[in-house]
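In what follows, a single structure is set out as structure tokens and then discussed.
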Amino acid sequence: MPSKELARDKLASGQLSLIDALAEAGLVKSRSEARRVIEQGGAYINNVGRTGVDTVLGPQDLASETVMVVRQGKKKYGLLKFTN
């Protein structure tokens with residue numbers, strides 16, 4: 001499962017969009033592909049489907065204190081870890 005560390009400030013300040021989360025997790029090759037995945041209903045944050053291309057993620061979207069699970073479709077998973 002691909003994973004990436006990001007600054008927690010990016011999440012807290014509302015700078016992480018759903019499109020960015022898919023791209024940062026390495027699940028899509030481009031932002032336009034991420035947009036298509038979201039529009040087709042294939043984007044999940046912590047196994048909860050997300051459909052808005054303008055969705056902004058925040059601390060309430062974390063699975064634990066520092067981890068967010070990002071999924072595309074049924075089998076492609078990625079992990080975002082937020083550090084100080």
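Using a cutoff of 8 angstrom between alpha carbon atoms and counting only pairs six or more residues apart, the relative contact order for the chain works out to 40 percent.
Helix content alone sets the calculated 222 nm mean residue ellipticity of the chain: runs of n ≥ 4 DSSP H residues at -39500 (n - 2.57) each, divided across all residues, give -6000 deg cm²/dmol. Note on residue 1: accessible area approximately 150 square angstrom, rounded to 10, probe 1.4 Å, nucleic acids and ligands left out. Computed over Cα pairs, the Kirkwood radius of the chain leads via Stokes-Einstein (1.002 mPa s, 20 °C) to a diffusion coefficient of 174 µm² per second.
With the simple spin-label model, which puts each label point 7 Å out from Cα in the Cβ direction, the residue 9 to residue 47 separation comes to 3.4 nm. Here the gap between residue 39 and residue 60, fully extended at 0.36 nm per residue and compared with their Cα-Cα distance, gives a gain of 5.3 nm. In the context of the full set of protein chains, the chain has a per residue accessible area of 57 Å² (1.4 Å probe). Pairs of Lys residues in the chain are counted when their Cα atoms are under 17 angstrom apart and they lie 8 or more places apart or on different chains; the count is 6. Rounded to the nearest 20 debye, the dipole magnitude of the chain is 380 debye, with +1 charges on Lys and Arg beta carbons, -1 on Asp and Glu beta carbons, and the Cα centre as origin.
The values are calculated or read from the model by the stated rules, or taken from the named source; none is laboratory data. On a predicted model such as this, the values are computed, not experimentally measured, just so you know. FYI the Cβ positions are ideal-geometry reconstructions off the backbone, even for glycines, and counts take in every protein chain you see. Accessible surface is based on the protein model in full, side chains and every heavy atom, while ligands, DNA and RNA are left aside. Shrake-Rupley method; radii C 1.70, N 1.55, O 1.52, S 1.80 Å.
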